[in-house]
Amino acid sequence: MQISIRPEKAGDREAIRNVNFAAFGNRNDEADLIDRIRESESFVPELSLVAVLQQEIVGHVMLSKAAVYNGKTKHTVIALAPLAVQPEYQKQGIGKRLVQEGLKLGKELGFPLGFLIGHPDYYPKLGFKPARSFGYELKQYNVPDEVFMVSELQDGALDSVQGEFMYPNAFFSDTTFAVRPATDEDVPFLWDMLFESLYTPEGGEPFSRDILKEPFLAKYVEGWGRPGDIGYIAVNEKGQSVGSITARLFDAANKGFGYVADDVPELGMAIHREYRGYGLGKRLMNALFHRLKELGVKRVSLSVDPNNTAAVRLYERFGFVEVGVVGTSITMVAPV
């Protein structure tokens, strides 16, 4: 049986979803998890692998970024989940090959450790060991010691990396969140989200909040509620606002960073850092696109830093394509 292993491509997503649906008893939980990981900062494109047999995808494994915390120290590691093989191809070594290739690539990318929650009879054969026996903690899930496992990818990492292992937000469902239209009472929060939307690369110097006073930024919220303004707010189970999406029209005399035409609204979106990875970006985008269609809007634009890869991937899934560059940001446009 000639099985090849390779990273997923954009056109593989439906097949990957189908493999996970079938492998996990015709449920969508694992497929939905993969979608949330793809939208998050935890996604590592090189570590979403498919097994291909005669041009058919018959297996898939996802390894994504997670963390081990020791006080204020954070170590980036990888988490393996989910692993799926089409039922008719199971127990033929496909899952083993996917895991081995994923761990090999994870090692090459420099990740020190790989973690998972899995079957205690299967994964030890692939080099995984009970993680708590090495001092690692897991508090997010209440699981027996033998199913919480770790694999050392870099020599000495089991000694040098210690602390509490934590899955990222993408591993937790967004069902406790709601999306509602923005009101006048949300204007202070829209200012907060405008500041949150300013992209700073990891290790970069954060902006001062005073930057919101600059006319080139203030124009996105100032006078909110004028004709053509559209906004939605994501709220958590306590009713607290945690993210927003807006669309506002500009003209040639007062262009936004993503301006393309007077009749094309410019989109802006931000989510509080601790709530990223729950699929809220997708839900906010769906709500806005639905409203734009109702209003007969044909196109929508935005401006994004190309280094903000999680945001760019999400926008591309909604049909956005690059049409220009303004400063250090790219302008993207999508049909509605």
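Using the Cβ-Cβ distance between Ala178 and Lys219 with R0 = 35 Å, the FRET efficiency computed as 1/(1 + (r/R0)^6) comes to roughly 0.75. Between Glu146 and Arg273, the contour length at 0.36 nm per residue exceeds the Cα-Cα span by 42.5 nm. From the phi of every residue in the range 264-272, what ³J(HN,Hα) in whole Hz does the Karplus formula 6.51 cos²θ - 1.76 cosθ + 1.60 yield, where θ is phi - 60° and glycine or proline is x? Ordered by residue, 3J(HN,Hα) equals 10, x, 9, 8, x, 9, 8, 9, 3 Hz. Comparing Cα centroids, the range 209-281 and the range 166-192 end up 13 angstrom apart. Evaluated with a Cβ-only charge set (Lys, Arg +1; Asp, Glu -1), the range 3-171 carries a dipole of roughly 120 debye about its Cα centre, given to the nearest 20.
If one computes the Cα centroid of the range 69-105 and of the range 6-47, what distance in Å separates the two points? Centre-to-centre (Cα) distance: 13 Å. Remark: the chain carries a charge dipole of roughly 500 debye about the Cα centre, counting +1 on each Lys and Arg Cβ and -1 on each Asp and Glu Cβ. Between Met1 and Ser208, what FRET efficiency comes out of the Förster formula 1/(1 + (r/R0)^6) with R0 = 56 Å and r the beta carbon distance, rounded to 0.05? Using R0 = 56 Å, I get an efficiency of 0.40. Karplus-derived 3J(HN,Hα) values for the range 105-119, using 6.51 cos²θ - 1.76 cosθ + 1.60 with θ = phi - 60°, are 5, x, 5, 4, 7, x, 6, x, 9, x, 10, 6, 10, x, 5 Hz; glycine and proline are entered as x.
Around the amide H of Leu249, modelled in the peptide plane, lie the amide H atoms of Glu266, all under 5 Å away and 5 or more residues distant in sequence or on another chain.
For the chain, the square roots of the Cα gyration tensor eigenvalues, ordered a ≥ b ≥ c, give a/c of at least 1.5 with a/b greater than b/c, which places it in the prolate category. For chymotrypsin sites (Phe, Trp or Tyr not before Pro), the sites in the range 9-71 that DSSP calls loop and that have at most 15 other Cβ atoms within 10 Å are Phe24. Where only DSSP H runs of four or more residues are counted, the chain gives -7000 deg cm²/dmol as its mean residue ellipticity at 222 nm, each run worth -39500 (n - 2.57). Taking the DSSP beta bridges with both ends in the chain, the antiparallel portion is around 95 percent.
Would you be so kind as to identify which of Phe207, Val221, Ala51 lies farthest towards the positive end of the dipole of the chain, taking Lys and Arg as +1 and Asp and Glu as -1 on Cβ and the Cα centre as origin? The listed residue farthest towards the positive side: Ala51.
In order along the range 290-297, the phi-based Karplus estimate (6.51 cos²θ - 1.76 cosθ + 1.60, θ = phi - 60°) of 3J(HN,Hα) comes to 4, 5, 4, 5, 4, 8, x, 6 Hz; Gly and Pro are listed as x. For the range 3-171, the residue among Ile94, Leu153, Thr76 whose Cα projects farthest onto the positive side of the dipole built from Cβ charges is Leu153. Take the Cβ atoms of Glu196 and Lys255, set R0 to 22 Å, and the FRET efficiency comes out at 0.45. Between the amide H of Leu302 and those of Leu267, Met332, distances stay under 5 Å, these residues lying 5 or more places away or on another chain, with hydrogens modeled in the peptide plane. A cut-off of 5 Å between modelled amide H atoms, ignoring neighbours fewer than 5 places along the same chain, links Tyr278 with no other residue.
Every number in this text was worked out from the coordinates using simple rules, so none of it is lab data. This structure is a prediction, so every number in the text was calculated from the model and none was measured. Neighbour counts run over all protein chains shown; Cβ positions are idealised from the backbone, glycine included.
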